[in-house]
Each structure stands twice: as structure tokens, then as C-alpha cells.
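In what follows, a single structure is set out as C-alpha cells and then discussed.
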Amino acid sequence: MPRVLIAAPPDLVAELDRSILKRSGVERVLALHPEHAFEAIRTSRPDLVILGETEGSDTCALLRRIRADPAVRAASLAVISRVPPSQAEEAELRRAGANVVLTGDMVPDMSEESIDQLLDVPLRREARMPVRFVVWSHVGPDNPPMEGRSINVSVRGLLLQTTEPVDIGSKLELTFTLPDDDVEIRAVGKAVREHPWGEKQIGVEFLILRDAARDRIRAYVNAPPRE
């Protein structure tokens with residue numbers, strides 16, 4: 001049975017009661033005071049942690065503390081903000097360790113599929129690395145590999161930043177090397193979403209990871225973050 005820990009004010013917990021928490025087969029643990037959240041996480045070892053951002057709370061510091069602790073860093077971390085965060089604020093939350101950043105008005109309308117995905121979000125880690133890719137529909141002698149950079153990576157996919165045209169739904173052949181590694185990783189992926197922030201950012205879902213690529217990515221993502 002998946003265990004969900006919620007560190008959020010009572011009004012947000014009431015909203016969650018109408019979506020993720022109403023489901024049977026989900027064990028919930030509450031930490032209504034932010035200062036108690038970390039100890040509650042270490043005690044309960046949840047699969048998913050939902051943090052409600054409140055005025056004056058240092059959510060990024062708590063995220064970094066969780067990701068630095070080997071006992072709990074594998075948990076999926078979701079942040080719910082009452083006020084939609086700016087691009088810079090969301091990027092900072094993700095750098096600190098958040099897998100998902102939501103706004104409060106999205107909670108009551110969450111679908112069953114999105115809840116399932118939230119309960120099974122893989123650990124993601126920042127990874128600024130060059131990525132070469134070929135769009136399958138563009139393959140040909142006059143279409144050399146395109147270039148971009150990844151923002152973060154998980155065993156399920158990466159966030160790709162590029163100025164090249166990539167349509168949602170396109171299949172991509174990707175080649176990249178993880179930071180501090182010297183083995184080239186080859187993958188086949190699919191462009192599944194676009195973030196319209198400045199230079200194009202494309203969410204890529206891995207369809208095929210060749211050789212031991214999945215193990216190498218998992219080892220990188222699970223490694224302790226650098227100071």
C-alpha cells in the first residue's frame with residue numbers, strides 16, 4: 001500500500017481529501033507543522049511527500065534536506081503552491097529536489113491517471129549536459145543530428161532545452177553522456193510535453209534505453225548531491 005505524507009495547512013489537506021486522499025489503498029500521514037515534516041518523513045518512510053508552500057516556509061531547504069538523507073531521498077516529492085510560481089521559482093524548487101510543482105487550484109480536478117503518476121514519480125536529478133538527437137521524421141542525408149542540452153534526467157526521461165523544431169509526439173534518437181561519466185548513452189524517446197519558457201524546453205519520455213543505460217542513469221540520480 002503506498003504511503004503519502006502531507007506537510008500542509010489544514011485547508012489544503014481538506015482539498016487533497018477530495019482527490020488523492022479519498023482513494024482506497026493509500027495510507028496517509030499528516031504533518032501539519034513544517035518544522036515537524038522532516039522527522040515525520042524519516043519516521044514514516046513515505047513513497048510520496050506532498051509539501052504545501054506557506055508564507056515564510058523554506059520549502060527549498062526542506063527539499064534539499066530530504067534529498068541529502070540516504071534513508072528518505074528516494075521518495076517522490078511534490079510541492080503545491082497557492083500562488084502559481086514564476087519560472088525561476090519553479091526551477092529553484094526542482095533544483096532543490098521537487099519532482100512535481102503544482103498550484104493549489106489544480107488539486108480538486110486531478111484525474112485518476114495523474115494521481116497514479118504522482119504516486120509513482122521517479123527520482124529526478126539536475127543534469128546539465130549536451131544532448132545530440134535526431135527526429136525520426138527528419139532522418140536523411142541533409143538532416144544531421146540536432147543539438148540541445150538537458151536540464152534534468154530520470155530513469156523515465158529528461159527535460160531537453162533546444163532551439164530546434166521538435167513537435168510533440170515526435171520520436172527521437174538521443175545520445176548523451178552523464179556528468180562525471182565517460183560512457184555514451186543511447187536512447188529512443190518521445191516528445192511528450194513542451195514548457196513555453198524562453199528557449200524551448202521539451203519533456204522527453206524514454207521508450208528504449210540501450211545496454212546498461214538505465215542502471216547508469218539510476219546510479220547517477222540516486223547518488224548524493226554535491227555540496
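Suppose the filter is modelled with pLDDT under 65, open to solvent by less than 20 Å² (accessible area, probe 1.4 Å) and either farther than 20 Å from residue 178 by Cα or touching an Asp or Glu at 6+ places or on another chain (Cβ under 9 Å) (or both); does residue 148 pass it? No. Cβ separations smaller than 7 Å between residues 6+ apart or across chains give the following pairs from the stretch 74-93 residues that are farther than 16 Å from residue 50 by Cβ to residues that are at pLDDT below 80 and of a type outside the set (A, V, I, L, M, F, W, C): 84/103. Right, residue 30: at pLDDT 80 or above, surrounded by 14 or more Cβ atoms within 10 Å (Cβ to Cβ), closer than 27 Å to residue 222 by Cα and within 18 Å of the chain's Cα centre (by Cα) or not? So residue 30 does not fit the description; no. What are the residues in the stretch 181-220 that are open to solvent by 60 Å² or more (accessible area, probe 1.4 Å), farther than 18 Å from residue 126 by Cα, modelled with pLDDT of 90 or more and of a type in the set (Gly, Ala, Ser), if any? Across the stretch 181-220, there are no qualifying residues. Scanning the stretch 200-220 for residues that are among the β-branched types (Val, Ile, Thr) and part of a helix (DSSP H, G or I) gives a single hit, 217. The set of residues in the stretch 58-83 being over 14 Å from the mean Cα position of the chain (by Cα) and crowded, with 17+ Cβ neighbours inside 10 Å consists of 59, 60, 62, 65, 66, 72, 81. Does at least one position in the stretch 103-115 carry a residue that is modelled with pLDDT of 75 or more, touching a strand residue (DSSP E or B) at 6+ places or on another chain (Cβ under 8 Å) and either open to solvent by less than 60 Å² (accessible area, probe 1.4 Å) or at positive phi (or both)? Scanning the stretch 103-115, I find no residue that is modelled with pLDDT of 75 or more, touching a strand residue (DSSP E or B) at 6+ places or on another chain (Cβ under 8 Å) and either open to solvent by less than 60 Å² (accessible area, probe 1.4 Å) or at positive phi (or both), so the answer is no. Considering the stretch 164-178, and only residues there that are in a loop (DSSP other than H, G, I, E, B) and open to solvent by less than 10 Å² (accessible area, probe 1.4 Å), the residue that is farthest from residue 146 (Cα to Cα) turns out to be 178.
The values are calculated or read from the model by the stated rules, or taken from the named source; none is laboratory data. Just so it is clear, the model here is predicted, and its values are computed rather than measured. Cβ: placed from backbone, ideal geometry, glycine included. Neighbour counts: every protein chain shown. These accessible areas exclude ligands, DNA and RNA; they are computed on the full protein's heavy atoms, side chains included. Shrake-Rupley method; radii C 1.70, N 1.55, O 1.52, S 1.80 Å.
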